[in-house]
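Okay, so here's the structure we're looking at.
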Amino acid sequence: MGRTFASLTHRNYRIWFFASLVGNIGTWMQFIAQDWIVLAELTKDNAFVVGLVSALQLTPMMLFLPFTGLLADRFDKRKILVMTQGALGLFAAGLGILVLMGEVEVWHVAAFAFASGTAASIDNPSRSVFVSELVPAEDLPNAVGLNSTSFNLGRLIGPGAAGMLIAVIGSGWVFLVNAATFGFTIAAVLAVRPSEYFTKSAGQAEPAREINSAASRRGRFREGLRYVCQRPDLAVIFFVAGTVSCLCMNYGLTSAAMARTAFGLEAGEYGILGSLLGAGSLGGALLAARRSRVPRVRTVVIAAALCGVMALVNAVMPTYASYAASLVLVGFTALLLFTSANTAVQVSTAPEIRGRVMSLYQTVIIGTAPIGLFIAGWICESVSPRWGVGIGAVASFAVVLAAFVWGRRHWGVEVRYSFTPRPRVEIIGPVEREQERLRAERLAREVASAQGDRTPGVIPR
């Protein structure tokens, strides 16, 4: 099947992948519908209100993710996923019914967004750790890449489908379609065979009663935080990816504002923007899935710099067509960044603490998004949607510079470049220096061995 799809050779992961794809399509359809009804149907193109509603959906993740990672480490992840997916399906159905009845108001959307975010804060760490049980360790980078592929296939298909459905039959049905998709994920979870796990289920590792006390919960949370603080490579990844996520990746909001305010367009065109962003993300995910080497800190930093460049280009595009085309490159670079960061964190973290570390990672990546949405919404409404995009470029460049300065000071990182025989840039850090040292030692041994062969009376070893 090739390196790109290596993880699909495992039955459990194959079932999970295709069910997740269906669920991701539905989720992206709901994101588009939710933003659109707030922006175009319930307010007078008020991007700030859209930002507030989106922020409410992500706020629970900021509040609860550090603690819900404990659940992923200690309890049966299949049971957790069945409950959370069922709850998310009910919330989507409830909002859809209100829209179809014509009774929906902004506060209804906000309340359902907060409830969905709460369920997702429990769901996400379990989903992340669950994947590591479905494939062997050597296929985990590939599985993470394919997860991103599934997510971004959903981003590719979902927005366009949502825009079409909103235009043809109305936004209420979009929520009901999403509610139905959660059934596919629940069926997949139930079809997975625990006997074919590649690691022991975390839910069997420790009695559940040990997690009941507040002291125990705090202690385990501190363990995860302490682990990250003792790993400067992880801390840098958290800082870079979190900053870009917070201020650069608000395209659900900024694209809606650009479509309505800058270009005067409707739901169909807005949906196309989301699909083009997803197309670029899909390309980045497929490239990441082909990668066999574990990404490093410098990979994440370089990807963040590319995100900044693409965000800047996107912000200055003068027409709808050029803006839409540049979103493909935005999606591509963003997926390279977040897939690299996700893989680096998962693979380099000890299995017994992976759930807590991944929950902290998701807290940084997702939990800080409310701040970014609030800022982007205010900028879009007060200044212009273009500056709502441009602030992401500024933030990306700033965090890359900060990471480089820190790396130079603490790791001795330096950049070497030359223009002959062709332009070339090298980033030299501790790993490269160790590789250079080993090459020098190997060369010295080879020279010594060759000289020994030519020395009379000396028997080479």
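Residues that are surrounded by fewer than 20 Cβ atoms within 10 Å (Cβ to Cβ) and modelled with pLDDT under 85: list the helices (runs of 4 or more DSSP H) wholly contained in the range 363-457 that include at least 2 such residues. Steps first, please.
Details: elements: 369-382, 385-410, 430-454.
Where helices (runs of 4 or more DSSP H) fall fully within the range 363-457 and carry at least 2 residues being surrounded by fewer than 20 Cβ atoms within 10 Å (Cβ to Cβ) and modelled with pLDDT under 85, they are 385-410, 430-454.
Does Thr68 fit the bill of being touching a helix residue (DSSP H, G or I) at 6+ places or on another chain (Cβ under 9 Å), of a type in the set (Val, Ile, Thr) and at pLDDT below 90?
yes
For (1) hydrophobic (A, V, I, L, M, F, W, C); (2) in contact with a Leu (Cβ under 9 Å, 6 or more places away or on another chain), each residue gets a yes or a no:
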position	(1), (2)
Arg222	no, no
Asp233	no, no
Phe239	yes, no
Thr243	no, no
Arg260	no, yes
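List every residue pair whose Cβ atoms sit under 7 Å apart, with the two residues 6 or more apart in sequence or on different chains, where the first one lies in the range 140-164 and is under 17 Å from Gly271 (Cβ atoms) and modelled with pLDDT under 80 and the second, anywhere, is of a type in the set (Phe, Trp, Tyr) and crowded, with 24+ Cβ neighbours inside 10 Å.
Short answer, once both residue conditions are applied: Arg155/Trp28.
Quick one: which of Ala40, Ala72, Ala55 is under 13 Å from Val106 (Cα atoms), in contact (Cβ under 8 Å) with a residue 40 or more places away in the chain and either out of contact with any Lys or Arg (no Cβ under 8 Å at 6 or more places or on another chain) or assigned to a helix (DSSP H, G or I) (or both)?
Ala40
Which one of the conditions (1) touching a Leu at 6+ places or on another chain (Cβ under 9 Å); (2) under 20 Å from Thr27 (Cα atoms); (3) assigned to a helix (DSSP H, G or I) does Leu90 fail to meet, given that it meets all the rest?
With (1) touching a Leu at 6+ places or on another chain (Cβ under 9 Å); (2) under 20 Å from Thr27 (Cα atoms); (3) assigned to a helix (DSSP H, G or I) applied to Leu90, the lone miss is (1).
So which of Ala303, Ala288, Ala311 ends up being of a type outside the set (S, T, N, Q), modelled with pLDDT under 90, part of a helix (DSSP H, G or I) and touching a helix residue (DSSP H, G or I) at 6+ places or on another chain (Cβ under 8 Å)?
None of the others qualify; the one that does is Ala288.
I'm checking my understanding of the structure. Among residues of the range 181-213 that are β-branched (Val, Ile, Thr) and over 23 Å from the mean Cα position of the chain (by Cα), which one is modelled with the lowest pLDDT?
Per the stated criteria, the residue is Ile211.
The values are calculated or read from the model by the stated rules, or taken from the named source; none is laboratory data. The structure displayed is predicted, hence computed values, not measured ones. When we count neighbours, we look across all protein chains shown, and the Cβ atoms used for this are built from the backbone with ideal geometry, even at glycine.
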